[in-house]
Every structure is written in C-alpha cells, then in structure tokens.
Amino acid sequence: MSRQALVGNISAMLSDAGFAVSDRIAVRPKSFDLAARRGEDVLLMKVLANVDAFDAATGMEMRRLGHYLNATPLVLALRTRDEDLKPGVVYFRHGVPAISPDTAVDMFVEGVPPLIYAAPGGLYVDIDGDVLHDAREERDWSLGRLASELGVSRRTVSKYEDGMNASVEVAAQLEEVFDEPLSSPVDVLDGADELAEEDTSEPPEHDPDDDAIVTVLTRVGYDVHPTERAPFKTVSEDEDPAESLLTGHSSFTRTAKKRAEIMSSLGTIIRIQSVYVVDDRAGGRESVDDTALIERSELEDVEDTDDLRDLIQGRVDREAESA
C-alpha cells in the first residue's frame, strides 16, 4: 500500500470515529500529515509504512507543536524494520507514541485503549498499585506469599504496589491469580507523557527573512515559536489560546497559495486563526479560504493585537462576501 493510500485510509477511519479531519498536508517539508479533532481531543498525526523512518528532528517538532497547539502528537505505522507493529501495543519513537492502524481502530472506533507499551527489554504493562495492594489484602496475603506465587522477590512485589511497571507475563500472572484486571491503560491522548522521554533540545531559530514579522508579532504581545518542518513558519501564542495564530510568509506563489489553503484547513480543526504575510497581495486578494493575506508593510503598521485581529477578520469576511 502506498503511503498516500495509507493516509487516506487513516483519514477515513478517523472520520468514521467521529473526528473532524484536516486536508492531507501535501507540501514539503512536513512534520505531520493530518490534524484531527473530536471534542477537546486534537491529534497531529504522522502516517508511515515503516516507523523507523520517523527521525529525531521530526519527533522534536511534533512534540513542540503538540505543546503550542494543545494537541497530541501521534505516529501511525504498519511495521518496524523487523516486524509488524503489534496490535494493542504503544511504541515510542523520539518521545512520540506510535501505534498500528489496528490499535487506532480499537482506540478511536471501539473505545478500547491499549494496555501494553514497548520499552527497552520488551513489552510492559502499568500495574495499578492501589488495586493490587487492595486485592492482596482482601485475600490476607503477605508480600512474601504473593512473591512466592509469582516467583519474584518480596521487594519486587512491593515495587509493583508502588507503581513499578511489570512485564506482560507478570501482569498476566497477577490477573490470573486475583481474577480481576490490574492494568492501567496507556493514555495515548495525553501523549503518554509519563512514558515519553523529556525534550531537552533547543528550539529552532526563526528565518532571518522573517525578522521584521517576528518583531511586530512580539511587539504586540505574542510569543513567537518558529517551526522547521510545518506548513506554517511560526506559531504565535497569545495568553488566550483562541487568539493564537498560525503564520506563513513568502511571496504569493502557487506554493504559497497551497500552504495558505492547508493552514486554513488546519486552523479549522485546531481552532486557531491563520495569516499569511506576503510582499504583495496579487490582485488585491483578501484571503485564501480562512487564511488572511496581509502585506508586510500593513503588518508593520499594526499597533496592538486588537488591531491585528480586526485586520485579519476583515480580510476573511470580505473574501467570504465576495465569493
């Protein structure tokens, strides 16, 4: 199956599961392929045939974008170099959770979260230590008695009750002994934060060509975060997340128009306004879909955030009226 077909299948599956799904990102470079929303859950999804193609730079950008946009970065892939991704298992690549399409169907369509995650050394399960402790005490078993049943040390059982993970085999033993579920689901929609590695890298520098634009956005109160592989050049955060911006900048070419279309689609899903700064608005065009077009000279005249928001909204409204 081609990657394009795989992206299409994933998009259709998410739609069936009740997600609103963005257009496929068809420009390069791109750190993710789709954005999707269901209620308050927002996903930034990278779709790959082989998860080993997911590199560190892409992982770092997806994690940063997830933070800026209050979204969960997620990789969907068919296989690793050596084998297919196992259903019901969450893998990690550069701090981003990765799952198979079958696991995605279980999660999003059937409502069944994964219980197993891969880590160095094998497959593991998070044991709910409080439930395990209560189950052991209800049977009036000592730590030593349970340790003997499992063939492990008393100290190991104590660590399970304190929240240490367990191998899949030990978890299955525990659930067989007590005849009740003891495993905690992997919360993929929160980015599996407790299991993901910490990002200690430095964020990218903005493009020197964008100096004037970044200066204006910073002056009027935004925190401006450059990107390296997204279809937009910056995420400009406001104290009110609803007032943040996706920002692009270039001459108004065919590629710029395509980027503005994608930014509009992403903005609809993420619920964030998009704006594309150009040197000249060809034909006086006001916007591309819901992405406002603003000339660099106009942006430099903006005095505050209200001024900028009014300019953006006016452009989008006038384009809609003339359509």
How high is the relative contact order of the chain, in percent, counting Cα pairs under 8 Å that sit 6 or more residues apart?
14 percent
Among (1) 21.9; (2) 21.4; (3) 20.4, only one was calculated for this model; which label is it, if the read-out is Kirkwood radius over Cα pairs in Å?
(1)
Give me the net charge of Asp41's neighbourhood, meaning all other residues with Cβ under 12 Å from the Cβ of Asp41; Lys, Arg count +1, Asp, Glu -1.
-1
Using protein chains only and a probe of 1.4 angstrom, how many square angstrom of Arg318 are accessible, to the nearest 10?
110 Å²
Per the Debye formula with a single identical scatterer at each Cα and no solvent contribution, what log10 I(q)/I(0) holds for the range 208-321 at q = 0.14, 0.15, 0.18, 0.22 Å⁻¹?
-0.48, -0.56, -0.84, -1.36
Counting alpha carbon pairs within less than 8 Å and at least 6 residues apart, what relative contact order, in whole percent, applies to the range 3-114?
21 percent
Give me the 1.4 Å probe accessible area per residue for the range 1-75, excluding ligands and nucleic acids, in Å².
38 Å²
In the chain, carbon and sulfur make up what percent of the accessible area (probe 1.4 Å)?
43 percent
Applied in sequence order to the range 127-142, the curve 6.51 cos²θ - 1.76 cosθ + 1.60 (Karplus, θ = phi - 60°) yields integer Hz couplings, x standing for Gly and Pro, of 7, 6, x, 5, 5, 4, 4, 5, 5, 5, 5, 4, 8, 6, 9, 7
In whole Hz and in residue order, list the ³J(HN,Hα) couplings for the range 216-231 that follow from phi through the Karplus curve 6.51 cos²θ - 1.76 cosθ + 1.60, θ = phi - 60°; x for Gly and Pro.
5, 4, 5, 4, 8, x, 8, 8, 9, 10, x, 10, 10, 10, 8, x
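The values are calculated or read from the model by the stated rules, or taken from the named source; none is laboratory data. Model, not experiment: these values are computed from the prediction. In this analysis, Cβ positions are derived from the backbone assuming ideal geometry, glycine residues included, and neighbour counts consider all displayed protein chains. Remember, those area values only see protein heavy atoms, side chains included, never the ligands or the DNA or RNA. Shrake-Rupley method; radii C 1.70, N 1.55, O 1.52, S 1.80 Å.
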